[in-house]
Structures are given as structure tokens and as C-alpha cells.
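Engineer: Sharing a structure, written as C-alpha cells. Questions coming.
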Amino acid sequence: MSKSTLILYKSKTGFTKRYANIIAKETGGTAMGCKDGTPKLLASFDRILFGSRMHAGRIDGLSKARNLFQKNGIKLSALFVTGAMPNTETEAIEEMWKNNLTSEELTSLPHFYMQSGLCYEKMNFIDKTMMRVFSFMMKQKKHKTPEEILFSEILARSYDISSEEYVQPLLRYLTEDSSVKEHQKM
Ligand SMILES: Cc1cc2nc3c(=O)[nH]c(=O)nc-3n(C[C@H](O)[C@H](O)[C@H](O)COP(=O)(O)O)c2cc1C
């Protein structure tokens, strides 16, 4: 029997929500904004995934979600994080995981990064201001490397580098996880 999957997400400009909806469609699961995730509802699913965005080096809402799960004795099955940084930035992504996850989570919580982009049109005032300040600081920096020049230009406007291909590693993990559990039951 297939597992009921809840994909709980925090999304401000829509990228994480879009990825959550793809995961829900592919797994036959339910995607839901984290504000609607009551303890009673969470307990009614076989497995729960949490997705959020990168925000100035931090995984937005992870501490709060962690507390909610711990308080209610829920084990998170997987975590996915979206960000403006391309998936090819493997070292920076590794560093990001190290800075955000506990040593236990690093080894026991499956975690996946999915590149997304930036959407200035849907950003709130604070985020827009943070991005403009960051972009300005990059522009002001003396002796920029070619990568930094490119980076400051990229960050100045909206772009979308999200794709269904970045969901595939997570989907493969979920399929394998289901078949292992099914096998163990036999
Ligand atoms: C203020 C701000 C800070 C951000 N910081 C990072 C960051 O540190 N690393 C990164 O890869 N992306 C960063 N981003 C990009 C977002 O993580 C990206 O747009 C994300 O997919 C947004 O998710 P959402 O559309 O679900 O809200 C930042 C965006 C904003 C607005």
C-alpha cells in the first residue's frame, strides 16, 4: 500500500510552493502551507516532508518547524530547500547544510536542494530592500572577480532557473524509501 505523504511548505514568492505541488502530484500526496499544518492533521499522514527557501544563508522557518515536529513526536521524512544559488554550486550548498542542520540531521535527515531563482514582483518590502542592499554592496565592492560581477548583475532582477529535474533526486529517494519499508513488512 502506498504511503500518504504530506508536503508542508513555507513559500513567499511561489518557488517552494511550485516544487511542493510537483512532489504532491508525483507522489499522490498533499501539499499544504505550513500555517495550516495542525498537530492533529500532521499525525494523520504516514510521512511528512518540509520545504522552505534560503533566506540570507538560513533555511527560513526550519527552527519553528523542527519545534513543531519534536513537540508532537513527528519524525520528518525529508527536507527540501529552494534558493537562488544554482545546483552546480556544490561546495556552497554543502556549507549551507552544515550551517543549518544539526550533526544528527546531517546524517539521518534526507535533504535536497532545488535551484529556483528570484521574483522581485512577489517579494515583500523587507525582502526587496534586503536584496537591493545586497546587490548594491556587491556593485560597490572593489576588485570583483568575473564571477562576482556576473553574480551582482544576476541578483539585480527577477529570474527563474527552477525545473522539474531538480525534484527527481527527492522523488527517487521517496520511491526507494517506500519499497524498502514495503519489503521490511513482508
Ligand atoms: C532577502 C532574501 C535573501 C535570500 N537569500 C538567499 C540565500 O542566502 N541563498 C540562496 O540561494 N537564495 C537566497 N534567496 C533566494 C530565495 O531563497 C529564492 O528566491 C527562493 O526560492 C524563494 O522561495 P519562495 O518563492 O518559495 O518564497 C534570498 C531571497 C531573498 C528575498
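Engineer: Segment 53-127: which trypsin sites (Lys or Arg not before Pro) are DSSP loop and have at most 10 other beta-carbon atoms within 10 angstrom?
Structural biologist: Answer in residue order: Lys75.
Engineer: Along the charge dipole of the chain, which of Tyr173, Thr88, Tyr19 sits closest to the positive end, that is, farthest toward it, with unit charges on the beta carbon of Lys, Arg, Asp and Glu (+1, +1, -1, -1)?
Structural biologist: Tyr19
Engineer: For segment 25-110, give me the percentage of DSSP beta bridges that are antiparallel, rounded to the nearest 5 percent.
Structural biologist: Of those bridges, close to 25 percent are antiparallel.
Engineer: For the chain, what is the relative contact order in percent, using Cα pairs closer than 8 Å and at least 6 residues apart in sequence?
Structural biologist: Contact order relative to length: 21 percent.
Engineer: Round to the nearest 0.05 the FRET efficiency obtained for Asp36 and Ser63 when R0 = 25 Å and r is the Cβ-Cβ distance.
Structural biologist: Once rounded, the FRET efficiency stands at 0.85.
Engineer: Taking 22 Å as R0, compute the FRET efficiency from the Cβ-Cβ separation of Ser158 and Ala92 and round it to 0.05. Walk me through the intermediate numbers first.
Structural biologist: On the way: r = 21 Å, r/R0 = 0.97.
The formula returns an efficiency of 0.55 here.
Engineer: Mind checking which lysines have their C-alpha under 27 Å from Lys64, skipping anything on the same chain fewer than 8 residues away?
Structural biologist: Reachable lysines: Lys3, Lys10, Lys12, Lys17, Lys25, Lys35, Lys40, Lys75, Lys98, Lys122, Lys128.
Engineer: Which aspartates and glutamates, if any, have their Cα less than 15 Å from the Cα of Lys144, not counting same-chain residues under 8 positions apart?
Structural biologist: Within reach: Glu153.
Engineer: Which ³J(HN,Hα) values in Hz, rounded to whole numbers, follow from the phi angles of segment 37-51 under the Karplus curve 6.51 cos²θ - 1.76 cosθ + 1.60, where θ = phi - 60° and Gly and Pro get x?
Structural biologist: Each residue's phi maps through the Karplus curve to give x, 6, x, 4, 5, 4, 5, 8, 9, 6, 9, 10, 10, 10, x Hz.
Engineer: Moving on. Would you mind computing, in nm to one decimal, how far apart the modelled labels at Ser103 and Glu26 are, each placed 7 Å from Cα along Cα→Cβ?
Structural biologist: Placing both labels 7 Å along Cα→Cβ, they lie 3.3 nm apart.
Engineer: For Phe112, enumerate residues with amide H under 5 Å from its amide H, sequence gap 5+ or separate chain, H modeled in the peptide plane.
Structural biologist: Leu79, Phe80, Val81
Engineer: For the chain, give the share of DSSP beta bridges that are antiparallel, in percent and rounded to the nearest 5; count only bridges with both residues there. It would help to have the intermediate numbers written out before the result.
Structural biologist: Working: 4 of 24 bridges.
If we restrict to bridges inside the chain, about 15 percent are antiparallel.
Engineer: Mind listing the phi-derived Karplus ³J(HN,Hα) values for segment 4-14, rounded to whole Hz, using 6.51, -1.76 and 1.60 with θ = phi - 60°, and x for any glycine or proline?
Structural biologist: 3J(HN,Hα) across segment 4-14, in whole Hz: 7, 10, 10, 10, 8, 9, 10, 9, 9, 10, x.
Engineer: Still on this structure: Given a 1.4 angstrom probe, I'd like the percentage of the accessible area of the chain that is carbon and sulfur, rounded to a whole number.
Structural biologist: 57 percent
Engineer: Under the rule of at least 5 residues apart or a separate chain, name every residue whose amide H is placed under 5 Å from the amide H of Arg58.
Structural biologist: none
The values are calculated or read from the model by the stated rules, or taken from the named source; none is laboratory data. Note that this is a predicted model, so its numbers are computed, not measured. FYI the Cβ positions are ideal-geometry reconstructions off the backbone, even for glycines, and counts take in every protein chain you see. In case anyone asks, the SASA skips ligands and DNA or RNA and just uses the protein heavy atoms, side chains included. Shrake-Rupley method; radii C 1.70, N 1.55, O 1.52, S 1.80 Å.
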